[in-house]
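Quick notes on the structure that follows.
The values are calculated or read from the model by the stated rules, or taken from the named source; none is laboratory data. Values in this document were obtained by computation on a predicted structure and should not be read as measured data. Cβ atoms come from the backbone with ideal geometry, glycine included; neighbour counts cover every protein chain shown. Ligands, DNA and RNA are excluded from the accessible area calculation, which covers all protein heavy atoms including side chains. Shrake-Rupley method; radii C 1.70, N 1.55, O 1.52, S 1.80 Å.
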Amino acid sequence: MDMEHQRDEPIRFSRGTLDRYRHVCAVVESSEEMHRIFDSFVREGLERGEKALHIVDPTERENYIDHYEHLHIPVSTLIGQGQFELRTWHEVHLRPGHFDQHAMLNLLDERLEDAQQKGYPRTRLVANMGWAALDYLGIEDLIEYEARANYVLSHYRVPVICVYSTAMFGGDMVIDVLRTHPMPDGGNRRRAPR
């Protein structure tokens, strides 16, 4: 299958298909709910030869690998081959020791460009956004970052899922963040973009 045709294949996520809106805000209540939503999305991308770039809570990194290995997705092997890139908040969002949105947007652009140059037909990015609660990032700064990310992502045909846990973010903040994403997803029920 050629790469152009593969890029046009539908991308399944949650209970729907991602078309032109590929920057999704997924609101989850638990890691179990997150995996229930993401497992088929992750498997589909890997089976299509796409790159997986996941940003996780550093305390959950090993559990994350174990979860997918248990599903017979050889994450450790795929990391070694370069198809699966698993990074923690401190390696990405909090890389200079605190959040710097310009550095993060540049890094995002670099990683997506690098995957394209290495021949991956697409990158599927999953970002656990819990770092924003830990770094005490103000809602205005977070919304500005998410809005600017839309601009960077518009240059690539990639699905990006930002995961917000209700255990870490209050309802008002989640509502504001949902509005910055072209495709909000409130877990089990689909919401129309605002």
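Filtered by the rule that a residue be charged (D, E, K, R), in contact with a helix residue (DSSP H, G or I) (Cβ under 7 Å, 6 or more places away or on another chain) and over 22 Å from residue 170 (Cα atoms), the stretch 26-68 gives 48, 51. Considering only the stretch 135-142, I want to know if a residue exists there that is loosely packed, with under 14 Cβ neighbours inside 10 Å, at pLDDT 75 or above and among the aliphatic types (A, V, I, L, M). Among the residues of the stretch 135-142, not one is loosely packed, with under 14 Cβ neighbours inside 10 Å, at pLDDT 75 or above and among the aliphatic types (A, V, I, L, M), which makes the answer no.
Residue check: is residue 7 among the charged types (D, E, K, R), part of a helix (DSSP H, G or I) and either modelled with pLDDT under 80 or more than 24 Å from residue 66 (Cβ to Cβ) (or both)? Write out each step before concluding.
Details: among the charged types (D, E, K, R): yes; part of a helix (DSSP H, G or I): yes; either modelled with pLDDT under 80 or more than 24 Å from residue 66 (Cβ to Cβ) (or both): yes.
Considered against the rule, which asks whether it is among the charged types (D, E, K, R), part of a helix (DSSP H, G or I) and either modelled with pLDDT under 80 or more than 24 Å from residue 66 (Cβ to Cβ) (or both), residue 7 comes out as yes.
Could you please find all residues in the stretch 80-129 being small (Gly, Ala, Ser), over 12 Å from the mean Cα position of the chain (by Cα) and either assigned to a strand (DSSP E or B) or surrounded by 18 or more Cβ atoms within 10 Å (Cβ to Cβ) (or both)? Scanning the stretch 80-129 gives a single hit, 115. Any chance the stretch 180-190 includes a residue that's crowded, with 16+ Cβ neighbours inside 10 Å, modelled with pLDDT of 70 or more and outside any strand (DSSP E or B)? Checked against the condition, which is being crowded, with 16+ Cβ neighbours inside 10 Å, modelled with pLDDT of 70 or more and outside any strand (DSSP E or B), the stretch 180-190 yields no hits at all. Restricting the first member to the stretch 90-107 and to residues that are closer than 12 Å to residue 58 by Cα, and the second to residues that are at pLDDT 85 or above and open to solvent by 60 Å² or more (accessible area, probe 1.4 Å), no beta-carbon pair is closer than 8 Å while six or more apart or on different chains. Note on the stretch 41-79: residues that are part of a helix (DSSP H, G or I), closer than 15 Å to residue 123 by Cα and touching a strand residue (DSSP E or B) at 6+ places or on another chain (Cβ under 9 Å) amount to 7.
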